Amino acid sequence: MSVLVWIEQNQNGVVPNSFEVLGKAREIAAALGTQTVAAVLGDNASAAESVRPYGPDVVLAITGPVLANYRLSAYTAALRKAVEAVGATVVLTAATVRGREVAAMLASQLDAGYAPDAIDLRVENGRLVAVRSVYSNNILADVTFNSPVQVVSVRPRSFPMPEPGAPGGEVRTLDPGLSENDVKEKVLEVKSTDTGEISLTDASIIVSGGRGVAQDPAKGFALVAELASVLGAAVGASRAAVDAGYIPYKHQVGQTGKTVKPDLYIAAGISGAIQHLAGMGGSKVIVAINKDPEAPIFEKANYGIVGDLFQVLPALTAEFKKRLGK
Amino acid sequence: MKVVVLVKQTPDTAELPKVSAEDVRSGKIKATMVINPWDEFAVEEAILLGDRYDVESVAISMGSPDAVDALKHALAMGVGGAALIDSSALSGGDLWTTAAALAAAVKAQGADLVLTGKQSVDDNSGAVYAGVAAQLGWPMVSAVTKIVDISNGQITVERMVEGAQETISVPLPAVISVGKEINEPRYPSFMGIRKASKAVIPSTPAAELGIASGSGKTQWTNIRKPEERKTKCVIIEGATVEEKAAKLVDALLAEKVI
Ligand SMILES: Cc1cc2nc3c(=O)[nH]c(=O)nc-3n(C[C@H](O)[C@H](O)[C@H](O)COP(=O)(O)OP(=O)(O)OC[C@H]3O[C@@H](n4cnc5c(N)ncnc54)[C@H](O)[C@@H]3O)c2cc1C
Ligand SMILES: Nc1ncnc2c1ncn2[C@@H]1O[C@H](COP(=O)(O)O)[C@@H](O)[C@H]1O
């Protein structure tokens, strides 16, 4: 038995959400009386060292030229090998695009129960229980499993980032036993779309703009970005702002955009439609800036300023600069 | 080339907040039901492929007999045919049960390509297509934002992951889930709606596809509404915008969220 965590890597190294999952995995493994195994896949085992400080019992380095780039079928096959090798009964990934598809594919191939995008995990009577937020965050359900292996992908920011400690855990290697002929996908090109911006799903602060910027959208989003930059925050947007072409879709928060869970969410010129609230209602503190005192966003906000965002945002930026000594 | 589009009937997103825990427990959702908005992108892409290649398209849905409305929407948009898998006699399934039924239907259609939405707005799994691909043993690419080319039995697509855009090529038959960036779904035309309203959509009970009740590997229990966000909004007052900004910053620093 063991709890297996896939440690995802991208062009910037280990995806930090994997460590959030690993931190929780250790708790789950302790409750199940078993060990935690962190699986690192790639053409070499160099990432293993960066995982050891997060305290898995074993770092399983599965290496081979076939695993140089992420490819769904190759990574699924390698993780199946890992599940077998360490007798994993619980498999966890971060619910990123890759983490979700690899978890789903692995679970389906193993005929194992799968809880996608879970927001919490616990052990009850010796069994894993995953909590899911469904109906676009309008219903919660506990997911229980009746399969020998249980697979869960975990929504980013569901668990705190663990503090790294002294490197622990032994590094073991495993040959995936895969050849290029076993892999159906060819990756023709990988283009980084990383602009150094903080991603919405990882952000602890988000400043978002909506249709309220309409009188001068470029200036409006520049003001949003300036406040975000002072706060080290990510920039978000409503669908109305995205549909109007003020800002690219990847910034959209809400039901057909991203679900976010920052400590602080500042909504400027956003009315608070339910599809927007579905994506950000889990924020710890919500601030609304809106010139309409009747805007529904104020019903969900902790703090509100009734006013013109073109005046309020620069004033807030200036004030934060002063207080944060920037 | 035969393209199957998977469409699900889901509650109107504006009514999702009204869905009660009891609705979900009983499976009787009291809301206006529509085609899953993410699936409109898959339907649109199937139609657009028809402009580029010699394509026969069929929409398939698994659900109650009411789900024909979602299929009619797809027909009204312009897909060539539709088929329902009637799951009303089925109980105790999970996402893999749905996937197994859809995979069986896809096979029966002799499809070369399966297009699906990103996720359903009710189950939010983003997983059923992986199950379909696994059942069929076909390659799968998710989060596709562009179909670049289909030729020589290969499909080449672009897709988005966090921080990168990948161009991937896989052999057909394959399963592709599409993202919102791929196209702009059309509104059904008047003629399309008229034609769809007259369509007779064949329905097959899930059992006939070899799908049994109680096959789920997971169950949902303790179904509940999330705790209401109970906030009393503090409206920051002040004579000037600078004063309001200063007071808000005070409050946020005190909340320790900066
Ligand atoms: C299937 C479906 C999915 C959807 N998914 C999403 C989603 O993922 N995300 C999302 O956000 N929406 C989504 N929507 C759209 C949603 O219903 C709303 O239309 C959208 O959120 C409105 O955006 P908004 O608040 O920016 O615009 P509006 O509702 O137009 O609000 C603009 C606000 O700005 C205020 N304002 C105007 N000028 C100023 C100013 N100078 N200073 C301060 N305030 C000002 C106004 O008082 C108003 O409250 C979806 C809808 C559907 C049907
Ligand atoms: N019951 C269903 N009938 C047809 N297609 C479905 C069904 N459930 C899911 N799908 C397809 O699979 C995608 C992902 O759904 P889900 O895994 O439920 O989030 C959807 O966008 C649909 O294209």
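The values are calculated or read from the model by the stated rules, or taken from the named source; none is laboratory data. Just so it is clear, the structure is predicted and the values come from calculations on it, not from any experiment. Backbone-built Cβ (ideal geometry, glycine too); neighbour counts: all protein chains shown. What goes into the accessible areas is simple: the full protein's heavy atoms, side chains included, and nothing from ligands, DNA or RNA. Shrake-Rupley method; radii C 1.70, N 1.55, O 1.52, S 1.80 Å.
Note on the stretch A:23-69: among residues that are within 30 Å of A:ARG122 (Cβ to Cβ) and part of a loop (DSSP other than H, G, I, E, B), the one that is nearest to the other protein chains (Cβ to nearest Cβ) is A:ALA47.
Name the single residue that is surrounded by the fewest Cβ atoms within 10 Å (Cβ to Cβ) among those in the stretch A:284-326 being assigned to a loop (DSSP other than H, G, I, E, B) and facing another protein chain (nearest Cβ under 9 Å). Among those residues, the one meeting the criterion is A:PRO293. In a residue-by-residue description of the stretch A:143-155, the property of being surrounded by fewer than 22 Cβ atoms within 10 Å (Cβ to Cβ) and within 22 Å of B:LYS225 (Cβ to Cβ) applies to at least one position. A:VAL183 passes every criterion in (1) more than 9 Å from every other protein chain (Cβ to nearest Cβ); (2) more than 16 Å from ligand 1 (Cβ to nearest atom); (3) open to solvent by 70 Å² or more (accessible area, probe 1.4 Å); (4) farther than 15 Å from A:PRO248 by Cβ apart from (3). Taking the criterion of being surrounded by fewer than 21 Cβ atoms within 10 Å (Cβ to Cβ) and farther than 24 Å from A:GLY87 by Cβ, the residues of the stretch A:16-65 that qualify are A:PRO16, A:ASP43, A:ASN44, A:SER46, A:GLU49, A:SER50, A:PRO53, A:PRO65. Within the stretch A:258-276, the residues that satisfy the criterion of being within 24 Å of B:LYS256 (Cβ to Cβ), open to solvent by 10 Å² or more (accessible area, probe 1.4 Å) and of a type outside the set (Val, Ile, Thr) are A:LYS261, A:ASP263.
For the stretch A:255-276, which residues satisfy the criterion of being out of contact with any helix residue (DSSP H, G or I) (no Cβ under 6 Å at 6 or more places or on another chain) and more than 6 Å from ligand 1 (Cβ to nearest atom)? Residues satisfying the conditions are A:LYS261, A:PRO262, A:ASP263, A:LEU264, A:ILE266. On the basis of being surrounded by fewer than 19 Cβ atoms within 10 Å (Cβ to Cβ) and farther than 30 Å from A:LEU316 by Cβ, does B:GLY238 make the cut? It is false that B:GLY238 is surrounded by fewer than 19 Cβ atoms within 10 Å (Cβ to Cβ) and farther than 30 Å from A:LEU316 by Cβ. Given the conditions (1) within 10 Å of ligand 2 (Cβ to nearest atom); (2) basic (Lys, Arg); (3) out of contact with any helix residue (DSSP H, G or I) (no Cβ under 8 Å at 6 or more places or on another chain), report the number of the one that B:LYS8 does not fulfil. Evaluating B:LYS8 over (1) within 10 Å of ligand 2 (Cβ to nearest atom); (2) basic (Lys, Arg); (3) out of contact with any helix residue (DSSP H, G or I) (no Cβ under 8 Å at 6 or more places or on another chain) leaves (3) as the failure.
Annotation: B:GLU45 fulfils all but one of (1) acidic (Asp, Glu); (2) surrounded by fewer than 19 Cβ atoms within 10 Å (Cβ to Cβ); (3) more than 15 Å from ligand 1 (Cβ to nearest atom); the unmet one is (2). The set of residues in the stretch B:193-227 being free of Cβ contacts under 8 Å to residues at least 12 places away in the same chain, open to solvent by 50 Å² or more (accessible area, probe 1.4 Å) and at the interface with chain A (Cβ under 10 Å from one of its Cβ atoms) consists of B:THR221, B:ASN222, B:GLU227. Please indicate, with yes or no, whether at least one residue in the stretch A:244-254 is away from chain B (no Cβ under 14 Å), touching a strand residue (DSSP E or B) at 6+ places or on another chain (Cβ under 8 Å) and within 11 Å of ligand 1 (Cβ to nearest atom). So far as the stretch A:244-254 goes, yes, one or more of its residues are away from chain B (no Cβ under 14 Å), touching a strand residue (DSSP E or B) at 6+ places or on another chain (Cβ under 8 Å) and within 11 Å of ligand 1 (Cβ to nearest atom). Name the pairs: first residue in the stretch A:221-232 and more than 13 Å from every other protein chain (Cβ to nearest Cβ), second residue surrounded by fewer than 19 Cβ atoms within 10 Å (Cβ to Cβ), Cβ to Cβ under 8 Å, at least 6 apart or on different chains? That search, which allows pairs on different chains as well, returns A:GLU226/A:PRO314.
If you check B:ALA105, B:ALA101 for being over 21 Å from B:ILE147 (Cα atoms), near ligand 2 (Cβ under 10 Å from one of its atoms), within 14 Å of another protein chain (Cβ to nearest Cβ) and in contact (Cβ under 8 Å) with a residue 60 or more places away in the chain, only one passes: B:ALA101. Screening A:GLN215, A:GLN255 for residues that are open to solvent by 20 Å² or more (accessible area, probe 1.4 Å), within 16 Å of ligand 2 (Cβ to nearest atom) and assigned to a loop (DSSP other than H, G, I, E, B) leaves exactly one candidate, A:GLN255.
Does the stretch B:51-59 contain any residue that is within 13 Å of ligand 2 (Cβ to nearest atom), touching a residue at least 12 places away in the same chain (Cβ under 8 Å) and among the polar types (S, T, N, Q)? No, there is no match, as no residue in the stretch B:51-59 is within 13 Å of ligand 2 (Cβ to nearest atom), touching a residue at least 12 places away in the same chain (Cβ under 8 Å) and among the polar types (S, T, N, Q). When restricted to residues that are more than 7 Å from chain A (Cβ to nearest Cβ), at pLDDT 95 or above and under 41 Å from the mean Cα position of the chain (by Cα), the stretch B:228-252 contains 0. Looking across A:VAL90, A:VAL59, A:VAL86, one residue alone is within 21 Å of the chain's Cα centre (by Cα) and not polar (S, T, N, Q). It is A:VAL90. B:LEU115 meets all of the listed conditions (1) facing another protein chain (nearest Cβ under 9 Å); (2) closer than 14 Å to B:LEU49 by Cβ but one, namely (1).
Of the residues A:PRO116, A:PRO167, A:PRO176, which is open to solvent by less than 10 Å² (accessible area, probe 1.4 Å) and more than 10 Å from chain B (Cβ to nearest Cβ)? On inspection, the qualifying residue turns out to be A:PRO176. More than 16 Å from ligand 1 (Cβ to nearest atom) and more than 14 Å from every other protein chain (Cβ to nearest Cβ): does that describe B:SER142? Answer is no for this residue.
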